Every structure is written in structure tokens, then in C-alpha cells.
1. Within 10 Å of each candidate Cβ there may be at most 11 other Cβ atoms; applying that plus a DSSP loop requirement, which GluC sites (Glu not before Pro) in the stretch 166-213 survive?
2. Pull up the cross-link candidates among the aspartates and glutamates for Lys185, meaning alpha carbon to alpha carbon under 19 Å and not fewer than 8 places away within one chain.
3. With every protein chain in place, what's the accessible area of Phe60 (1.4 Å probe, Å², nearest 10)?
4. Give the percent of DSSP beta bridges with both residues in the chain that are antiparallel, rounded to the nearest 5.
5. Solvent-accessible area of Lys115, probe 1.4 Å, all protein chains present, reported in Å² to the nearest ten, please.
6. Can you tell me the dipole magnitude for the stretch 107-248 around its Cα centre, using point charges on the Cβ only (Lys, Arg +1; Asp, Glu -1), in Debye to the nearest 20?
7. Under a 1.4 Å probe, what is the accessible area of the stretch 171-232 per residue, stated in Å²?
8. So how much accessible area does Phe157 have, in Å² to the nearest 10, using a 1.4 Å probe?
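The values are calculated or read from the model by the stated rules, or taken from the named source; none is laboratory data. Nothing here was measured: the structure is a model prediction, and the numbers come from that model. Heads up, the Cβs are rebuilt from the backbone with ideal geometry, glycines too, and the neighbour counts pull from every protein chain shown. Remember, those area values only see protein heavy atoms, side chains included, never the ligands or the DNA or RNA. Shrake-Rupley method; radii C 1.70, N 1.55, O 1.52, S 1.80 Å.
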Amino acid sequence: MITAKTKILGLIGYPATYSLSPIMHNAAFKQLGLDYVYLVFPAESNDLRKAMEGLKAIKFAGANVTIPYKEVIMDYLDEISKEARLIGAVNTIKNIEGKLYGYNTDGFGFIESLKKQIGIFLKGKKVFMLGAGGAAKAVALSLALEEVSEIVIVDKFKKKAMDLSDYLEKNIDCKSVAIRIEDVKIGKKISNADIIVNATPVGMKKEDPLLIDVKYLREDQIIYDLIYTPQETLLLKEARRLKLKAINGLEMLLYQGAKSFNIWTERDAPIEIMRKALSKELE
Ligand code: NAP
């Protein structure tokens, strides 16, 4: 029940017309009997400063941040965690006595889901990653912090992959190679990888092609597709057909949410309840 004491959390983004976060978090608050409510707040970019001042003024407990504000929001925060600073993006804010603290839980969500699903020890593993955008950066930096031995970054344009690859080498001392999607070396890089990650939106639409030739895949590889709608992309279908371990983006969404929940409430998140709420909504 919402009372005068209910603490307010919300998602700030634009247009933010669709999000699974309210369903996941409100189910968790209900399960643990916590007096919080999670809503969605679409804020146009001209209003972002006012929205952030409003967070403080009316004493919001905190927020999540989504597209297109994960980077620009950093200008409005009082303190930013080391990890979020390294990733260059914030997706979680906590209001502590009028000061706004920023965190990034996306990378944690990816790593935790991988460990929980596969039980993998990441140190020394080779990673092949499609995409060099916002999600790719969080994933690549977190993998680099886990001391994987190499991250191959693939993009339509070499420049974008190069920028991320250079950033990884300079900031975390992680070996990284940038290649273009049409590069002839791509087959060898796919075959050499232990983990293959799709961090592009390719696969969300029915007509989307496969970005890699499955003839290069091996049975002992892990395929992680960050997409969760649909829950099974063409890439994951192929991975399952070829008996590879396959993970979709729902688990990353779940664990990034669990970490945000923990930051706000200082309680462990009820993972099973949150997973059930997500799956039910996506059915
Ligand atoms: P983004 O910033 O737009 O980045 C997408 C990247 O993919 C860009 O580098 C883009 O390159 C590249 N790309 C697009 N089409 C490509 C192609 N045909 N070949 C090679 N590279 C291509 O998007 P994002 O925010 O990182 O999100 C990426 C995906 O991850 C989305 O599907 C999103 O839903 C998902 N995601 C999932 C979670 C989760 O919790 N599971 C969290 C965040 C994101 P250009 O810029 O050159 O086009």
C-alpha cells in the first residue's frame, strides 16, 4: 500500500515508453514488504536539469537512468563510483541526504549473470564481442576488470571499435583488438574465442541476419546475446542447435536490477521473484 512514508524510485529516460524495471522492482518490494514504489519518469532533454533538481527537492530515494541519458546524467551528480567513472555512464542514482550518488550496475549484471548461469572463471578467457556502443562498453570494461586475456571488438566501422579497444588498453591494460565486421580475419577470431557476445541490436527484428557465420563456432563456446526481446534471437537459436551454451539478455537485466535494488535498499534482492516477474511479463 502506498502511504505518506512510501519512498519513491523511478526510471529517467526518454521516451521511456517501455521498461521492465517497474515490474521487476515493484514485485521485489512487495515480496520483502519494503515501503518503496518504482515508477517511470520520461524527461525531455531540455528538462533534465529540472528533473534532477526535482529528485533532490522532493526527496526521491533514487533512480535508474536509461537511453539517452546514461552519460550526460553524470554532470548532475555529486559523486560517481569508480566503476561508473571508468565505464563513462551511470544507470543507478541514490539520494543520500540530498546528495546524488551515481553507479553503473550494467557491467555487474553481465558478469554476475555469466558466473551464475555458467559458473565460469573469467580470468584468461578470450572474448569476441559484436558492437561498440553503450552496452558494449560496460560489458567490455567489466570483462577487462575480470582479467580476460583478450577482447576482440567488432563493429561496422573500425574507428568505433578502435576507440573502445584503445580505451581498454589504456585504462585497464587489457589486450584488445578492433576489427570491422567484414574483415577476413573474423572467422579465425570467432573460432579462437571462449565467449561470444552480441552487444548490437541486430537480432531484435525478425528479419535481422546473423552477424557471424556459424561454421566458425565450436561446441565448448558460450554465446551471450544481450537482447531480451525476443528472448531467443536467431543467434541463440543457432547456438542451441549447435549445442553451445546460450544466454539471453534477461539475466543481465535481472542482475543489474538486483544490484540497483541492493544499492537503494541495502537488502539482498529476491532474485527468483524478480526473474518470475520478468518472465511473466514477457510471456
Ligand atoms: P548502441 O549504443 O546503439 O550500440 C549498438 C552498437 O552495435 C553500435 O556500436 C553499433 O554500431 C553496433 N551495430 C549495429 N548494427 C551493427 C551491425 N550490423 N554490425 C556490427 N555492429 C553493429 O546500443 P546499446 O545501448 O549498446 O544496446 C545494444 C543492445 O544491447 C540492444 O539490443 C539493447 O537492447 C541491449 N542491451 C541489453 C541490456 C540488458 O540488460 N540485457 C542492457 C543494455 C543494452 P554503429 O553505431 O556504428 O551503428
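1. Glu182, Glu207
2. Hits, sequence-local ones excluded: Glu150, Asp155, Asp194, Asp213.
3. 20 Å²
4. The antiparallel proportion sits near 20 percent.
5. In the full protein context, Lys115 sits at about 80 Å².
6. Around 240 debye, computed over the stretch 107-248.
7. 54 Å²
8. Its accessible surface works out to 130 Å², give or take rounding.
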